[in-house]
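A short write-up of the structure that comes next.
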Amino acid sequence: VNFCQHWFEYFPNPPVNVLSMMENVLAHHDKELLQHLIKYNVTSQVYAWPLLETLFSEVLTREEWLKVFDNIFSNHPSYFLMIVVAYIISSRAPLLHCNQNGDFEYFFHHRNNLDINVVIKEAYHLMEATPLDIHPQRMLDDFIPLTKGQYPVFNKYPKFTVDYQTQERERIRQDEIEYLRERQLVHELEAKAQERKAEEEAWYQKQELLQEAEEQRRKTLLEEEEKLVEQRQRLAAVKRELKVKELQFLDASRRRFLKYQQDQRQMELKRLDDEIARKAEEQEIAATVQDVEVRRMELESQRQLFEQHLIKDQEAVTKEMKEEVDARRRKVDLEDHLVQRLMDVDREQNQKAQIVAEENLAKAQQKHIDTDWRLRALCELQRDDQDHEKRYEEIAKLLHDNRVKEAELLKAMREAEEKKWEEVTQKKAQLEEEQKAAAAADEHRKQFLEDKMNDTLELAEKLQREDGYFERLHDLKTGRTERGVELQQVPRSGNICLNDLFASESSSHMSLDRRREELAWQERELMAEVRRLRQKLTSQARTRHPPTCFQATKWTP
C-alpha cells in the first residue's frame with residue numbers, strides 16, 4: 001500500500017513500471033553505467049529487482065539493513081526506489097569491470113564491500129537532484145497509515161493471474177482426489193482378479209473332463225467319416241463323367257460361337273473397306289474441287305490485274321477524248337460565231353448599196369475588220385492549242401504519278417507500264433517541240449490519241465477471254481476512226497475563208513449537231529463505265545492494301 005506501491009500490477013512478473021522509473025533515474029544520473037549494463041544485456045530485472053524482491057536482505061548485514069530501513073520508513077515511499085539506484089551508482093566501479101551476466105547476477109545476490117552511509121547520502125542526493133518529470137515521487141502516493149483492527153482492502157493486482165493460480169490449485173486438489181479414488185478402484189480390481197483366477201482354475205478342471213469325453217466321440221466320428229469318404233469317392237467319379245460330357249458340349253458350342261464371330265468380323269471388315277473406299281473417293285473429289293477453286297482464284301486475280309490495267313488505259317483515253325471533244329466543240333462555236341458575223345456584215349452592205357462611194361468604203365473597212373478579226377481568231381486558236389498541249393502534258397504527268405503509285409500494288413505489270421510511259425515521255429517531248437507550229441499541233445494530238453487507243457485495244461484483245469470489255473472497246477475504236485476521218489474532212493481554222501463558210505453553212509450545221517449529240521452520248525457512256533470500273537478497282541485495292549491511299553484523278557475541262 002505504501003512502500004510496495006504498483007509491485008503487484010504485473011504479478012507474477014516483476015513490476016515493469018517501477019523498474020522503468022528506476023532505470024530513468026539511473027539514465028539521468030549515470031548514463032555511462034546504464035550503457036555498460038545495456039551493452040551486456042543486463043536489464044533492470046537483474047540489477048534492480050533482486051534488491052527490491054529481497055529488501056536488501058542478501059546484500060546487507062543486520063545493522064546495515066536496520067539503518068537503511070530506518071531511513072526508508074522515515075521518508076517518502078519513493079526513497080525506497082532511490083536507495084536502490086544509489087546502491088547501484090555507489091557500486092559503479094566493480095560493475096564497470098563485470099562483462100558476464102553471471103557476474104552481474106552474483107553481484108546483486110551477495111554481500112559486497114560497500115559503505116552503507118555513502119549509499120544513504122547518495123539516495124538523499126538523488127531525491128533532491130532528480131527532475132520532477134522522471135522523479136518516482138510523481139508516480140507514487142504519499143504514506144498512508146494502516147487502519148486499526150484490520151488491514152485495508154488491497155486489489156491492485158492482476159485479478160486474472162491470481163484467479164488463474166487459484167483455479168490451478170483447485171485443479172491440483174481435484175487431481176489428488178481423483179488419484180486417491182483411482183487407487184481405491186485398483187485395490188478392488190485386484191481382489192476381483194483373485195476371485196476370477198480361482199474360478200478359472202475350476203473351469204480348467206471341467207474342461208479336461210470334457211476333452212476326454214470329446215476324444216471318445218471323435219473316434220466314433222472318424223469311423224463314420226471313413227464310410228462317407230468311400231461314398232464321396234463314388235459320387236466324384238459320377239461327377240467327373242458328367243463334367244467331361246459338359247466340357248465336350250461347351251467345346252462344341254464355343255467352336256460354333258467362334259465361327260459366328262469370325263463371320264461377323266469378316267462382314268465388318270468388308271463394310272470398313274467399303275467405307276474407306278467411299279471416304280477416299282470423297283477426299284479425292286474434295287481435293288479436286290479445292291484445286292479447281294484455287295485455279296479459279298488465280299484466274300480471278302489475273303483477271304483483276306488486267307482489269308485494273310485496262311481501266312487505267314481507258315481513263316487516259318477517256319480524258320484525251322474529252323479534251324478533244326471540248327476543243328472541237330469550241331471550234332464549232334467559233335465557226336458559228338464567224339458565220340453570224342459575216343451575215344450581219346452582208347446585211348449592212350446590202351442596205352448601203354445605193355451609195356457606191358459609201359459602199360466601197362464600207363466594203364474596204366469591212367474587209368479590214370474581217371482580216372483583223374480572222375487574225376485575232378487565228379491567234380486565239382493557236383493559244384487554245386497551246387493550252388490544250390499544256391493540259392495534255394499535265395494529264396500525262398498525273399497519269400505517270402498515279403501509275404507510279406499503283407506500281408507498288410501491281411508489281412507484275414511494272415515492266416509493261418514502264419515501257420508505255422517511256423512512249424508517253426517521248427510523245428510529250430514531241431509535243432513540246434511542236435508547240436510552236438500551230439498547223440502541226442492538231443495532227444500531233446490526233447496521232448497521240450490514236451497511239452494510246454491502239455495500245456489499249458491491243459491490251460484489250462489479250463484480255464478478251466477474261467473480261468467482257470473487248471466489244472465496247474472495239475466499238476470505241478470504230479467510232480474513233482470515223483471521228484478521225486470526219487475531223488480530217490473538216491477544214492482547219494487557219495484556212496477558213498468567207499466563201500467556204502457560206503457554202504458549207506447549210507450542210508455542216510446539221511452534221512455538227514449530229515456529231516455533238518453522238519460525242520456527248522459516247523462521252524456519258526464512257527464516263528459511267530470508267531466510274532464503275534474505278535469504284536470496283538478502288539474497293540479491291542482498299543480491301544487488299546488498306547494503308548495505301550490514292551489521290552482522286554482530276555478531270556480537266
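Summary of computed values
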read-out	value
Cα extents of region 198-318 along the three principal axes, largest first (Å)	139, 55, 9
Protection proxy ranking, peptides 35-45, 226-236, average beta carbon neighbours within 10 Å, highest first	35-45, 226-236
Top positive-direction residue, dipole computed over region 16-157 with Cβ charges, set Val84, Gln150, His110	Gln150
For region 134-273: rounded, prolate or oblate by the Cα gyration tensor [a/c cutoff 1.5]	oblate
Peptide ranges 136-147, 188-199, 47-58 listed from the most packed, as the mean C-beta count within 10 angstrom indicates	47-58, 136-147, 188-199
Gyration tensor (alpha-carbon) shape descriptor, region 1-147, a/c threshold 1.5	rounded
Exposure proxy ranking, count of Cβ atoms within 10 Å, fewest first, for Cys379, Cys98	Cys379, Cys98
Debye, to nearest 20: dipole size of region 268-314, +1 on Lys, Arg Cβ, -1 on Asp, Glu Cβ	160
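Values in this text are rule-based calculations from the coordinates and carry no lab data. Since this is a predicted model, take the numbers as computed values, not measurements. Ideal geometry is used to build each Cβ from the backbone, glycine not excepted, and the neighbour counts take in all protein chains shown.
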